[in-house]
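Shown next, in structure tokens, is the structure this report addresses.
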Ligand SMILES: Nc1ncnc2c1ncn2[C@@H]1O[C@H](COP(=O)(O)OP(=O)(O)OP(=O)(O)O)[C@@H](O)[C@H]1O
Ligand SMILES: CC(C)(CO)[C@@H](O)C(=O)[O-]
Ligand code: BAL
């Protein structure tokens with residue numbers, strides 16, 4: 001595995017790779033865990049070259065968020081990337097990604113808070129714009145054939161799929177199942193913020209989502225009732241501060257209302273809550 005720290009060096013290196021080789025990319029913010037491992041391993045098994053990026057993207061953090069304290073473990077990450085089969089680790093500096101002349105932002109309607117008040121966009125005002133911008137410019141630079149994203153960030157997946165199509169980025173988006181701890185908690189770099197007692201409560205979100213799916217499978221199509229049932233399961237636990245429960249279209253992120261027809265497809269149930277210092281998100285697909 002080669003580690004590259006500048007966009008210029010990355011382009012020079014990519015130019016040495018034969019055109020017939022397929023390039024897969026996994027974008028991360030570092031502090032790697034087995035969730036990232038699943039993406040990198042799958043990428044390595046499906047492509048000739050596996051490029052992992054590691055960059056805590058300032059553009060997607062609002063001023064009140066945890067950009068400064070976000071966990072950074074570069075040495076361990078580098079070792080893990082090697083073990084999981086990465087060929088290139090690209091860890092650029094912020095001034096390379098966003099030089100002082102930088103003046104272009106990608107705004108995707110899917111992530112628009114007006115479309116869904118129960119979404120990441122509504123709670124994290126700069127999040128989707130920051131993600132869309134860094135993903136678009138990274139795909140433009142690397143010209144990867146496939147990019148791998150985790151379904152834990154379901155709304156991010158919807159935005160990435162939309163921008164790759166709309167901007168003709170010519171990259172296949174591969175979505176990978178959420179990797180979980182044994183009690184169901186979705187793996188996340190921010191789980192390291194949890195204290196021991198918070199950690200023992202953290203699987204409540206996944207349990208509430210499973211309960212929601214059970215109701216859906218049992219025929220419940222009244223979205224208001226479904227949302228309320230999931231809300232109740234979470235708010236019974238006082239340590240969890242619920243931010244939203246959303247039942248929305250998987251790909252447009254439009255919030256759904258009323259009574260859904262039984263043949264309604266592409267429905268996802270998403271939740272977000274604070275637990276101590278950690279902002280946890282999770283989701284379950286109700287209908288593919
Ligand atoms: N548990 C998981 N299972 C599968 N993919 C995951 C998981 N956690 C993160 N990913 C994916 O890894 C990629 C990089 O995510 P990122 O570096 O933000 O990690 P993270 O654990 O989601 O961090 P955090 O949630 O604390 O921001 C994204 O595509 C994300 O969806
Ligand atoms: C896709 C991403 C690497 C963009 O900064 C980030 O949002 C993440 O880690 O999911
Ligand atoms: N996992 C998505 C990146 C973020 O929370 O900023």
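The values are calculated or read from the model by the stated rules, or taken from the named source; none is laboratory data. What you are looking at is a predicted structure, and each value in this text was computed from that prediction instead of being measured. Counting neighbours? That spans all protein chains shown, and the Cβs are built from the backbone with ideal geometry, glycine included.
Cβ-Cβ distances below 6 Å connect no pair with a first residue in region 208-228 that is at positive phi, a second residue that is crowded, with 21+ Cβ neighbours inside 10 Å and part of a helix (DSSP H, G or I), and a separation of six or more residues or different chains.
Quick one: would you say residue 95 is within 27 Å of residue 280 (Cβ to Cβ) and surrounded by fewer than 18 Cβ atoms within 10 Å (Cβ to Cβ)? Walk me through it before giving the result.
Details: within 27 Å of residue 280 (Cβ to Cβ): no; surrounded by fewer than 18 Cβ atoms within 10 Å (Cβ to Cβ): yes.
The answer is no for residue 95.
Every residue, every condition in (1) away from ligand 3 (no atom under 16 Å from the Cβ); (2) surrounded by 16 or more Cβ atoms within 10 Å (Cβ to Cβ), yes or no:
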position	(1), (2)
43	yes, yes
52	no, yes
55	no, yes
61	no, yes
67	no, no
75	yes, no
81	yes, yes
86	yes, yes
103	yes, no
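Per the listing 137, 214, the residue uniquely part of a helix (DSSP H, G or I) and in the same structural domain as residue 44 (by TED's automatic domain parsing) is 137.
Restricting region 125-138 to residues that are surrounded by fewer than 22 Cβ atoms within 10 Å (Cβ to Cβ), within 11 Å of ligand 2 (Cβ to nearest atom) and in contact (Cβ under 8 Å) with a residue 60 or more places away in the chain leaves a set whose member that is nearest to residue 175 (Cα to Cα) is 134. Of the strands (runs of 3 or more DSSP E) contained entirely in region 1-71, those carrying at least 3 residues that are within 19 Å of residue 171 (Cα to Cα) and at pLDDT 95 or above fall at 23-28, 49-54.
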